[in-house]
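Okay, so here's the structure we're looking at.
All of the numbers you see were taken from the coordinates with simple rules; none came from a lab. Note that the structure is a prediction, hence the values are computed from the model and not measured. All Cβ positions, even for glycine, are placed from backbone atoms using ideal geometry, and neighbour counts span all protein chains on display.
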Amino acid sequence: MAAMEGLGARRERIVAALGPTISQRNYEVGPEVVDRFLAADGGNAGFFRSGGRPGHSLFDLPGYLLARLGAAGVDAAHVDLCTYDDAERFYSYRRATHRGEADYGRLMSAIVLEA
């Protein structure tokens, strides 16, 4: 945010949009990931729930990102589509790995600035 504000952006005019992401039901992480998030902020515990393999948790990536943006004073919206679930429209490295596929595609994003 500071870099954008340094270039003249006004925080109250910044809007973020989160595109499709992996959903919590498909984003299993190991205890080392949970430990790092909790070490950074104990409040992050709310973004994890038990599930999957023993000792692992399911991480709410879009929820976490939306909360971080909100804490920074940025309005945000999320396209609630799961990249893991929807193989017809989205590439997913995690899905490709789980299926033993040789390749997983690529993703590109762009930012358009208005005067």
Task: Mean separation of Cα contacts under 8 Å (6+ apart) over length of segment 16-99, as relative contact order % - done: 40 percent
Open item on the list: Quick check on the chain: of the DSSP beta bridges with both residues there, what percent are antiparallel, nearest 5%?
Closed with: 50 percent
TODO: Starting from the Cα-Cα distance between His56 and Asp86, subtract it from 0.36 nm times their residue separation and give me the gain in nm to one decimal.
DONE: 8.5 nm
- [ ] Could you work out which residue, out of Leu66, Leu38, Leu81, moves most in a Gaussian network model of the chain, that is, has the largest mean-square fluctuation with Cα springs under 10 Å?
- [x] Leu38
Open item on the list: Which residue fluctuates most in the GNM of the chain (Cα springs below 10 Å): Gly100, Gly19, Gly30?
Closed with: Gly100
TODO: Compute the long axis of helix 31-40 from its Cα atoms, compare it with the longest principal axis of the Cα atoms of the chain, and write down the angle in degrees, 0 to 90, nearest 10.
DONE: 20 degrees
Task: Asp75-Arg36 FRET efficiency (beta carbon distance; Förster radius 41 Å; 0.05 resolution) - done: 0.90
Task: Extension gain from Ala67 to Ala9, taking 0.36 nm per residue of separation minus the Cα-Cα distance - done: 18.8 nm
